[in-house]
Amino acid sequence: MSRALGIIITGGRKESMKELVAKRSVSAIPVGGKYRAIDFVLSNMINSGIDKVGVVTQYSFRSLMDHLGAGKEWDLDRRNNGLFMFPPYLAGENSGWYRGSADGMYSNISFLKRSTDEYAIIATGNCIYRMDFNLLVDAHEKQEADITIMYRDMSDLDPVELKEFGIIKLDDQGRVIDLREKPQSPDGKIASLGVYIMKRTLLIELLEESEAHGHYDFVKDILIRKLNKLNIMGYEYKGYWRSLSSISMFYNCNMDMIEPEVRQELFNTDGKVFTKVKDETPTKYNEEAVVNHSIVADGCIIEGEVYNSVLSRGVKIGRGAVVRNSIIMQDTVIEPNANLDYVILDKEVTVKEGKALKGERSFPIIVGKHMEI
């Protein structure tokens with residue numbers, strides 16, 4: 001698809017993600033053992049033929065920029081088009097925030113004006129799914145829409161989680177007639193996926209108008225205000241989709257990835273999920289090691305027991321240690337005879353010998369980066 005450019009919105013700080021976003025953007029959160037959240041939407045764009053992508057960064061963007069680099073792993077390190085990073089400015093880790101998603105795009109509007117692509121596809125960077133965006137373009141053109149919003153029936157999610165999404169209503173023709181952003185009392189289960197398509201020239205007009213009126217949020221100040229003025233249509237997505245918008249969603253998404261049917265949809269369909277390549281040795285399993293129903297990335301050393309868990313690169317599980325129902329991130333060390341159940345450990349954590357941590361599925365214990373327990 002050479003007719004569309006991509007814009008990925010990485011968003012601000014999500015307090016609901018607790019220690020996991022203390023020093024990183026939610027779009028840079030590790031997921032599935034060796035991926036970052038943004039890998040999925042960026043790979044969707046690349047697999048759809050989009051070769052020009054702008055990433056509008058916000059809170060704690062340095063880890064995200066380090067992960068993406070020049071876009072080599074996504075074949076976006078090219079002279080023409082490629083990957084464009086748009087941080088607020090580089091004065092400090094958390095300073096210089098955009099005032100909203102629309103402000104972030106407007107502040108880099110030259111990216112849009114210099115382009116010649118017909119369409120712009122805007123997507124959030126913290127969602128896990130596989131999508132051929134050519135299908136979205138086809139539906140957008142067929143419906144003769146000004147803007148098309150991708151949506152999904154969220155009946156398979158906990159109703160409490162619906163508060164994190166934009167709840168929409170459609171008429172019989174599929175036109176969006178109501179959109180409520182993160183309502184405290186959702187009155188439906190049809191939710192926006194944070195993916196939008198429109199003409200590039202229309203997006204420029206809407207951003208300039210919004211900025212002129214002192215409005216800075218794309219959903220609240222543009223989409224909702226234009227519901228009765230523009231032909232805003234919906235496109236239903238029916239596949240696996242999860243947003244990393246809370247600890248429970250993050251935990252459940254990682255546990256879902258252990259299941260063969262979810263892995264089949266995310267990783268074994270046409271195209272692949274690209275990520276930053278790291279040279280690691282294969283994982284070493286000692287004779288006493290037991291690993292069951294788990295994801296184990298490269299470079300690990302397993303001497304203990306691992307059940308129903310996700311291990312990132314370089315994790316070490318000592319002899320006699322037992323890890324159950326847990327997410328263990330890169331270069332974490334679990335010393336001998338430690339016992340973990342329903343635990344999320346960030347990067348480079350050390351759990352000392354004989355220590356025990358036990359949470360619950362609905363309330364896993366979280367340990368931030370570089371901690372020693």
Practice prompt. Starting from the amide H of Val322, placed 1.01 Å from N in the peptide plane, find each other amide H under 5 Å away whose residue is 5 or more places distant or on another chain.
Written response: Glu305, Ala338, Asn339, Leu340
Fill in: Residues with amide H under 5 Å from that of Ser25, placed H, sequence gap 5 or more
Ser63, Leu64
Worksheet entry | Antiparallel DSSP beta bridges within the chain, percent to nearest 5 | 30 percent
Item to complete: Determine ³J(HN,Hα), in whole Hz, for all residues of segment 303-309 in sequence, where each value follows from phi through the Karplus function 6.51 cos²θ - 1.76 cosθ + 1.60 and θ = phi - 60°; x replaces Gly and Pro.
Response: 10, x, 10, 9, 10, 6, 9
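What is the chain's relative contact order, in percent, from Cα pairs under 8 angstrom and six or more apart in sequence?
Result for the chain is 15 percent.
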Item to complete: Could you please state how large a percent of the accessible area of the chain is carbon and sulfur, counting protein chains only and using a 1.4 Å probe?
Response: 45 percent
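Rounded to the nearest 20 debye, what is the charge dipole size of segment 246-373 about its Cα centre when +1 sits on each Lys and Arg Cβ and -1 on each Asp and Glu Cβ?
Working: 15 positive and 20 negative charges, 55 e Å.
With only Lys, Arg, Asp and Glu charged at Cβ, the dipole is about 260 debye.
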Worksheet item: Got a number for the accessible area of Glu236? Probe 1.4 Å, square angstrom, nearest 10.
Response: 80 Å²
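If Rh is defined by the Kirkwood formula over all Cα pairs and Rg also comes from Cα, what ratio Rg/Rh do you get for the chain? Kindly include the intermediate steps, with their values, before the conclusion.
Details: Rg = 21.1 Å, Rh = 21.5 Å.
Reported Rg/Rh, Kirkwood definition of Rh: 0.98.
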Item to complete: Enter the accessible area per residue of segment 232-373 (Å², integer; probe 1.4 Å; all protein chains in place).
Response: 45 Å²
Worksheet item: Considering only Ile317, Tyr307, Tyr196, whose Cα is most displaced toward the positive end of the charge dipole of segment 171-319, charges sitting on Cβ of Lys, Arg (+1) and Asp, Glu (-1)?
Response: Tyr196
Practice prompt. Tell me which residues come under 5 Å, amide H to amide H, from Met85 once H is placed; ignore anything under 5 positions away on its chain.
Written response: Val55
Discussion item. Whole-Hz ³J(HN,Hα) for each residue in segment 311-320, computed from phi via Karplus 6.51 cos²θ - 1.76 cosθ + 1.60 with θ = phi - 60°, x for glycine and proline: what do you get?
Written reply: 10, 7, 4, x, 6, 10, 10, x, 4, x
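Return the calculated 222 nm mean residue ellipticity for the chain, to the nearest 500 deg cm²/dmol, obtained by summing -39500 (n - 2.57) across DSSP H runs with n ≥ 4 and dividing by the residue count.
Values: 8 runs with 71 residues, N = 373.
Result for the chain, helices only: -5500 deg cm²/dmol.
The values are calculated or read from the model by the stated rules, or taken from the named source; none is laboratory data. Nothing here was measured: the structure is a model prediction, and the numbers come from that model. FYI the Cβ positions are ideal-geometry reconstructions off the backbone, even for glycines, and counts take in every protein chain you see. Surface accessibility is based on the protein's heavy atoms, side chains included, excluding ligands, DNA and RNA. Shrake-Rupley method; radii C 1.70, N 1.55, O 1.52, S 1.80 Å.
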